[in-house]
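Here is the structure we will look at, set down as structure tokens.
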Amino acid sequence: IKPLTVTYEIANAHAVSYPEAWPGTTVFYSPRTSAPTPADDDAWRRNLTTRYVDGKLTWTHVHSVNGSVFFSYFPMYGYERHLKLVADCAAAAVAAGPSLAEYRPRIASLGQTIQGRELECVSIGKGTTVAWIIHRQHPGETMAEFFAEGLLHRLLGVSPSSELDEPTRRVLQAYPLHIVPNM
């Protein structure tokens, strides 16, 4: 089968509520022949041909096999991955060694969604200036939970070394942080 190059165009990309987000963005695609699931973390690739010009978002894709290709503004961050993130945070809080325990890591529920899912808040740190960091307030903001994952792993020492670095210690010393990974 001969590869087929197709240029896709979203002609009314300028009409979204925040068109300033388009410049510099990249469309993601999944080369899988079946629909990717949120658990398919490695199924997505950036399409580096993405351009936003004159209010139109365009990209070119080379189709090399018959079947479907799936495009997305950002890869999915599924509920299973969210639950794993919360479990990682809970495990880190329970197993907190002396370097982490002084910052009192804890997880609490702020309530439930319409679907009955918990709205978790991870709290850690001390100090006088309170900071709330809320992620993924809208369904399409999956990139925010990827950020929350990295932030929480760093703050809780969830890494191969399990050690808090000096900049992290300074933040935890100065601020009680309340982090909601998925609103």
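The values are calculated or read from the model by the stated rules, or taken from the named source; none is laboratory data. Computed from a predicted structure; not experimentally measured. Virtual Cβ from ideal backbone geometry, glycine too; neighbours counted across all protein chains shown. All accessible areas refer to the heavy atoms of the entire protein, side chains included, with ligands and DNA or RNA removed. Shrake-Rupley method; radii C 1.70, N 1.55, O 1.52, S 1.80 Å.
Observations on the model:
- More than 16 angstrom apart: percent of Cα pairs within segment 80-126: 43
- Each principal axis of the Cα cloud of the chain was evaluated for its coordinate range; sorted largest first, these ranges are 61, 37, 33 Å.
- In summary, the aspartates and glutamates within cross-link reach of LYS126, defined as a Cα separation below 17 angstrom excluding same-chain residues under 8 places away, comprise GLU102, ASP165, GLU166.
- Subtracting the Cα-Cα distance of TRP132 and SER68 from their residue separation scaled by 0.36 nm leaves 18.9 nm.
- Long-range Cα-Cα pairs in segment 108-182 (distance over 21 Å), rounded percent: 31
- Solvent-accessible area of the chain (1.4 angstrom probe, protein heavy atoms only): carbon and sulfur portion equals 57 percent.
- The residues of segment 65-183 have, on average, 55 Å² of accessible surface per residue, using a 1.4 Å probe with all protein chains present.
- Cβ-defined net charge surrounding TRP59, 13 Å radius [Lys, Arg +1; Asp, Glu -1]: +3
- The 3J(HN,Hα) values that the Karplus relation (6.51, -1.76, 1.60; θ = phi - 60°) gives for segment 142-154 are, in residue order, 5, 4, 5, 6, 4, 5, 4, 4, x, 4, 5, 4, 5 Hz. Gly and Pro appear as x.
- A DSSP coil position with no more than 15 other Cβ atoms inside 10 Å describes the following GluC sites (Glu not before Pro) in segment 118-183: GLU163.
- The longest stretch of the chain left intact once loop-based trypsin sites (Lys or Arg not before Pro) with at most 15 other Cβ atoms within 10 Å are removed from consideration, loops following DSSP, is 33-116.
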